[in-house]
Amino acid sequence: MEFRSLCHELAQYDLDVLALQETNLNTGVFRHRDKLKEILQQEFGMVKMVTACTPIRTDSAYKPGGVMLAIVGPSTHRVVDTKADPYGRWCSATLTGKDHRLIHIYSIYQSVDQPDGFSGTRTYYDQQWEILKMADHTDPKPRQQLIDDLSAELRQRQKPQTDFILLGDFNETVGMDMTLMASICAVFQLVDAVTARHPTCYNTPTYNRGSRRLDYGLISATLLPLLKESGLNQFQEVSTSDHRAVFLQLDKHELFQTGNPV
């Protein structure tokens, strides 16, 4: 099982957070969620896991889209809340930090741009379109709706001593369209953790059949002094995914008053 192999590979690192997008698994079914958690526990021990997928029914375990976020190891004790978007676009975990700081970590999957709209093939875009149509949207626009709803979600959680970490496949090069993720970065003062350390990676392709960067780790600007390292793995370096993995390392002593980097 690919997920087991991925976890086994990652277990050799001092990992605290694992965020996956496009899991393509119907995690609305308990036994599928339970199997993911079982594998995580076998490889990492302590685990707090949250998943999300659309409520659209499928006849098999396969369902396009889906996200997962796992906090593993001792950091699980710092998890005070988990949430899953009912439309399956993101899930999140909230951790407590030093001086009552709250760190909200998100795993987010944005649909691709489907110019012809609804295709009837149950793609992730189609599922989002169908959900919005059922919610009385006369002209569903799944990509813009994610931006609008995520903005409302972050606004509700934005308070003093609060930081955000947004890990995602945004299916765009952030900054090319100022109405999409760039608008969230501007409002909530988020920065790209990868280009903060490696400016030339601004448009490094992260999809092996594409020419643009689609995958990001966006962090609150207030976390920049704690960012020790960040980057993009080579294709298939730690998994068989057709995307590069994004990694970032924060100073856990400053964030949590503990010893190792997150």
task = Of the conditions (1) more than 20 Å from Gln114 (Cα to Cα); (2) of a type in the set (Asp, Glu); (3) over 18 Å from the mean Cα position of the chain (by Cα), Asp163 clears all except one; give me its number.
result = (3)
inquiry  = Quick check on the stretch 110-123. Is at least one of its residues closer than 27 Å to Tyr207 by Cβ, outside any loop (DSSP other than H, G, I, E, B) and touching a residue at least 12 places away in the same chain (Cβ under 8 Å)?
reply    = no
message = So Val187 ticks every box in (1) among the hydrophobic types (A, V, I, L, M, F, W, C); (2) surrounded by 14 or more Cβ atoms within 10 Å (Cβ to Cβ); (3) over 16 Å from the mean Cα position of the chain (by Cα) but one. Which box is left unticked?
response = (2)
note = Here the qualifying pairs (Cβ atoms under 8 Å; residues six or more apart or on different chains; first in the stretch 49-72 and over 13 Å from Ala84 (Cβ atoms) and open to solvent by 20 Å² or more (accessible area, probe 1.4 Å); second assigned to a strand (DSSP E or B) and modelled with pLDDT of 95 or more) come out as Ala61/Leu25; Tyr62/Leu25
ask   = If you go through the stretch 195-213 one residue at a time, how many are in a loop (DSSP other than H, G, I, E, B), surrounded by fewer than 20 Cβ atoms within 10 Å (Cβ to Cβ) and of a type outside the set (D, E, K, R)?
value = 8
Number of the condition not met by Asn233 [criteria: (1) within 22 Å of Pro142 (Cα to Cα); (2) free of Cβ contacts under 8 Å to residues at least 24 places away in the same chain] = (1)
Selection from the stretch 1-37 of residues that are open to solvent by 40 Å² or more (accessible area, probe 1.4 Å) and part of a helix (DSSP H, G or I) = Glu2, Arg4, Ser5, His8, Glu9, Phe30, Arg31, Arg33, Asp34, Lys35, Lys37
note = Here the residues within the stretch 78-109 that are outside any loop (DSSP other than H, G, I, E, B) and among the small types (Gly, Ala, Ser) are Ala84, Ser92, Ala93, Ser107
task = Quick one: Tyr216 ticks every box in (1) touching a residue at least 40 places away in the same chain (Cβ under 8 Å); (2) open to solvent by 30 Å² or more (accessible area, probe 1.4 Å); (3) hydroxyl-bearing (Ser, Thr, Tyr) except a single one, so which number is it?
result = (2)
task = Have a look at Asp177, Asp113, Asp148 and point out the one that is open to solvent by 30 Å² or more (accessible area, probe 1.4 Å) and either among the polar types (S, T, N, Q) or modelled with pLDDT under 95 (or both).
result = Asp113
Residues that are open to solvent by less than 10 Å² (accessible area, probe 1.4 Å) and of a type outside the set (Ser, Thr, Tyr), drawn from the stretch 219-245 = Ile219, Leu223, Leu227, Gly231
request  = Tally the residues that are of a type in the set (D, E, K, R) and either modelled with pLDDT under 95 or touching an Asp or Glu at 6+ places or on another chain (Cβ under 8 Å) (or both), restricting the search to the stretch 189-211.
outcome  = 2
query = Hey, among the residues in the stretch 38-48 that are open to solvent by 80 Å² or more (accessible area, probe 1.4 Å) and part of a helix (DSSP H, G or I), which one's nearest to Ser107 (Cα to Cα)?
reply = Gln41
query = For the stretch 162-194, how many residues meet the condition of being part of a loop (DSSP other than H, G, I, E, B), within 21 Å of Leu248 (Cα to Cα) and of a type outside the set (Val, Ile, Thr)?
reply = 5
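The values are calculated or read from the model by the stated rules, or taken from the named source; none is laboratory data. These figures come from a predicted structure and were not determined experimentally. Cβ sites come from the backbone with ideal geometry, for glycine too, and all protein chains shown count toward neighbours. Heads up: the accessible areas ignore ligands, DNA and RNA and are worked out on the full protein's heavy atoms, side chains in. Shrake-Rupley method; radii C 1.70, N 1.55, O 1.52, S 1.80 Å.
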